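The values are calculated or read from the model by the stated rules, or taken from the named source; none is laboratory data. All values derive from a computational prediction rather than experimental measurement. All Cβ positions, glycine included, derive from the backbone under ideal geometry; neighbour counts span all protein chains shown. Ligands, DNA and RNA are stripped out before the accessible areas are found, and what is left, the full protein with its side chains, is counted by its heavy atoms. Shrake-Rupley method; radii C 1.70, N 1.55, O 1.52, S 1.80 Å.
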Amino acid sequence: QTGNRALMDIMDKMEGHATMCCQALARPSFRLATYQEVAETFYQWCCAEGWAPCDNFQANWAADQNGFFVLEQNGAICCIVSVVKYSTDFAFVGCFICVKELRGKGLGLSLWRHALATAGTRSIGLDGVEIRVADYEKSGFVVAYRNIMFHSPLTTLVSRSIPLPPDTKLGFASDVAFETLANYDALHFPARRPELLRAVMSGSHAYSRVLTTPDDEVCAFGVIRPAKSAWRVGPLYARSQQLAEALLVELARCALNASDSTVPQLSDVSIITPECNQLMPSGLGLIQVTTCVRMYRGSVDEPSLPCVFGILGYELG
């Protein structure tokens, strides 16, 4: 009931935004979002859409402080979107939301064009819902594959026993040089994003684990952290499905065994995995929840996609 009340409060606030925007036909204006707006407005609106973002949404700010945009009318925010520039070659679009009462009036499209222009000549990625694929294609995006979100009860995951190869060692990510982990992440994503990765790993109640070879080479890496309604695993990279499943179970165990009284009381785990690398749904108790379509505009090479078992999130790729 508490969760439903909070969601209703968010919806009421969004309706208030719509009322203020419609009071007069003032010319809409674009501007960069503030840190507070990213941490609160962006997070709350994503929750209202059912996207279940991670609680430390302000970590997204670390990705690109100039990558979050709002459209205002009559002093109220009507639309939001993020275009995070990870490098000089790649950007990622997310959080594209317009107040429902104002959809279909061209406001979202105008903000979309304004924000997308800031990416310049970069290749751009996004995870979009199926019904919007045709709209994104009009902006030059092409379907690459689908990312599927799965949920599983914590207790179901930790009850599974996934044996590790005898030459593989489980350890804390903090025992590995951060630069090594940042490079490992960059092998599995179209751009380097060390600032974001550091913010995600250092977030409140975030747990990070690695699997290493006898030569101390990282062969799997994963993070679990609280989201709106479940623990979110991501990123999760591994050389094989067996390693990915074993690390997923270990991350779930970290969440279940968290003893801090301030840890959110969440009973489920969620993970977003590319369709080509689906983990064993039946064997791990995973249930498919949502599907988004990964699309790109421009040339993007993903040679390590077969090793990506959990993306960071729909908002940031």
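What the table below lists for this structure:
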read-out: Test for Asn183: is it free of Cβ contacts under 8 Å to residues at least 12 places away in the same chain and either open to solvent by less than 30 Å² (accessible area, probe 1.4 Å) or more than 24 Å from Phe90 (Cβ to Cβ) (or both); value: no
read-out: Selection within the range 33-46 - of a type outside the set (A, V, I, L, M) and open to solvent by 10 Å² or more (accessible area, probe 1.4 Å); value: Thr34, Tyr35, Gln36, Glu37, Glu40, Thr41, Tyr43, Gln44
read-out: Only one of Ser152, Ser161 that is under 27 Å from Pro306 (Cβ atoms), in contact with a Gly (Cβ under 8 Å, 6 or more places away or on another chain) and modelled with pLDDT under 95; value: Ser152
read-out: Some residue of the range 279-300 being out of contact with any Ser or Thr (no Cβ under 8 Å at 6 or more places or on another chain), farther than 16 Å from Asn147 by Cβ and of a type in the set (D, E, K, R); value: no
read-out: Strands (runs of 3 or more DSSP E) lying entirely in the range 209-317 (those with 2 or more residues that are open to solvent by 70 Å² or more (accessible area, probe 1.4 Å)); value: 287-297
read-out: Cross-chain or 6+ apart pairs with Cβ under 8 Å, the range 111-125 first and at negative phi, then modelled with pLDDT of 95 or more and part of a helix (DSSP H, G or I); value: Ile124/Leu116
read-out: From the options Ala48, Ala91, residue that is under 24 Å from Ala191 (Cα atoms) and either of a type in the set (S, T, N, Q) or more than 12 Å from the chain's Cα centre (by Cα) (or both); value: Ala91
read-out: Search result, residues across the range 292-306 that are among the hydroxyl-bearing types (Ser, Thr, Tyr) and more than 22 Å from Ala238 (Cα to Cα); value: Tyr296, Ser299
read-out: Sole residue being touching a strand residue (DSSP E or B) at 6+ places or on another chain (Cβ under 7 Å) and farther than 18 Å from Arg232 by Cβ, chosen from Phe42, Phe30; value: Phe30
read-out: Near pairs, Cβ below 9 angstrom, 6+ apart or cross-chain, from the range 63-90 (polar (S, T, N, Q)) to any residue that is part of a strand (DSSP E or B) and open to solvent by 20 Å² or more (accessible area, probe 1.4 Å); value: Gln65/Leu32; Asn66/Leu32; Asn66/Lys85; Gln73/Ser29; Ser82/Phe96
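Table: residues versus (1) part of a loop (DSSP other than H, G, I, E, B); (2) without any contact (Cβ under 8 Å) to a residue 40 or more places away in the chain.
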{"site": "Leu109", "(1), (2)": "no, yes"}
{"site": "Val133", "(1), (2)": "no, no"}
{"site": "His151", "(1), (2)": "no, no"}
{"site": "Leu164", "(1), (2)": "yes, no"}
{"site": "Asp167", "(1), (2)": "yes, no"}
{"site": "Leu170", "(1), (2)": "no, no"}
{"site": "Glu179", "(1), (2)": "no, yes"}
{"site": "Glu195", "(1), (2)": "no, no"}
{"site": "Val200", "(1), (2)": "no, no"}
